[in-house]
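The values are calculated or read from the model by the stated rules, or taken from the named source; none is laboratory data. None of the values given here were measured: they were computed from a predicted structure. Every residue, glycine among them, receives a Cβ derived from its backbone with ideal geometry; neighbour counts consider all protein chains shown. Accessible surface is based on the protein model in full, side chains and every heavy atom, while ligands, DNA and RNA are left aside. Shrake-Rupley method; radii C 1.70, N 1.55, O 1.52, S 1.80 Å.
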Amino acid sequence: VGAVQKMYYLRRMKLSVRDIHKSYGSMEVLRGISVDVAESAVTAIVGPSGAGKSTLLHIMGTLDRPNSGSVLIDGVDVTSLRDKALSRLRNTTLGFVFQSHRLLPEFSIVENVAMPCLVGGMGRRQAMERARCWLERLGLAERLDHRPSELSGGECQRAAVARALVNDAPLLLADEPTGNLDAARKEQVFKDFAALARQGLTVLMVTHDVHAANFADAVYTLENQQLIRSN
């Protein structure tokens, strides 16, 4: 039985980019990238280190801006939004998971997961209840009051996924989410993503782990500034 225990149906939202160009000085990283991310599915972007995978993910997640091109979320070009509007968008629509779980060591797991709700102005009781539900959903019901140092690497990463989705974000963007995990824990995270996608979540991950392709519905390779469908 996988870690995602209960069936919840998440709201769906489209994510696309059109003709994305990005350079840093004279170094061109992305050249005319266009892609529609499949809804309610796991999409993996693979490629060698330094190919620009993280740059593309950060642009798609509004953490960075392209030199030109459009990022479309539910058909709306968000590249022209001001910083305050982008922050609100990230808090309600986009969930992020990185290679490092970035959990705060002085707080319990449930407090860590509740943080985005509290930052968004939600009352503490409601925020903690939401966090508890997501942790239960990801198989961490027995770890609510533990601190990050008391959990395994895989458990910490699953808590990071719960934190990314605690506001019911319909889009999850993951940057090398299994880079610090062993083979068994990597596989569990990929299975968690696949189970959540079946419930409506749209997952986009960038990784150099070729095994991710075994769990993804669509795989793209980023190389020489170009994105090519691999499956």
Fill in the blank from the handout: proj_area_mean for region 1-112 (convex hull on C-alpha atoms), units nm², value 9.8 nm²
Handout entry: Amide H contacts under 5 Å for Gly139, placed H, 5+ residues apart
Key = Gln5
Problem - Ser49 paired with Arg88, simple spin-label distance in nm, labels 7 Å along Cα-to-beta-carbon - result: 4.1 nm
Completion exercise
With no solvent term and unit scatterers on the alpha-carbon positions of the chain, Debye gives log₁₀ I(q)/I(0) at q = 0.12, 0.14, 0.17 Å⁻¹ of -0.63, -0.86, -1.25
Handout entry: Dipole moment magnitude, nearest 20 debye, the chain about Cα centre, only Lys, Arg, Asp, Glu C-beta charged
Key = 560 debye
Problem - the chain: Lys pairs at Cα distance under 29 angstrom, eight or more positions apart or on different chains - result: 13
Practice task
Provide the per-residue ³J(HN,Hα) series for region 59-72, in order, calculated from phi with Karplus coefficients 6.51, -1.76, 1.60 and θ = phi - 60°, each as a whole number of Hz, with x at glycine and proline positions.
Solution key: 5, 5, x, 6, 7, 9, 10, x, 5, 7, x, 10, 10, 10
Problem - 0 to 90° range, to nearest 10: angle between helix 109-119 axis and the chain longest Cα axis - result: 60 degrees
Practice task
Please give the helix 183-198 orientation as an angle from the longest Cα principal axis of the chain, in degrees from 0 to 90, rounded to the nearest 10.
Solution key: 80 degrees
Fill in the blank from the handout: Yeah, region 102-152 with a ≥ b ≥ c from its alpha-carbon gyration tensor (a/c under 1.5 is rounded, else prolate when a/b outruns b/c, oblate otherwise) is oblate
Handout entry: Distant-in-sequence amide H partners of Gln99 (H built 1.01 Å from N, under 5 Å)
Key = Asp175
Exercise for the section: Give the peptides 104-110, 13-19 in descending order of average Cβ contacts within 10 Å, highest first. Expected result: 13-19, 104-110
Handout entry: Residue-averaged 222 nm ellipticity for the chain, from DSSP H runs of 4+ at -39500 (n - 2.57), nearest 500
Key = -10000 deg cm²/dmol
Practice task
At 1.4 Å probe size, with no ligands or nucleic acids counted, give the accessible surface of Glu223 in Å², nearest ten.
Solution key: 100 Å²
Exercise for the section: Return one number: the angle in degrees, 0 to 90 and rounded to the nearest 10, between the long axis of the Cα atoms of helix 153-165 and the longest principal axis of the Cα atoms of the chain. Expected result: 80 degrees
Exercise for the section: Take peptides 73-80, 46-53, 164-171 and line them up by average Cβ neighbours within 10 Å, highest first, as a rough protection proxy. Expected result: 164-171, 46-53, 73-80
Practice task
Determine the per residue accessible area of the chain with all protein chains present and a 1.4 angstrom probe, expressed in square angstrom.
Solution key: 47 Å²
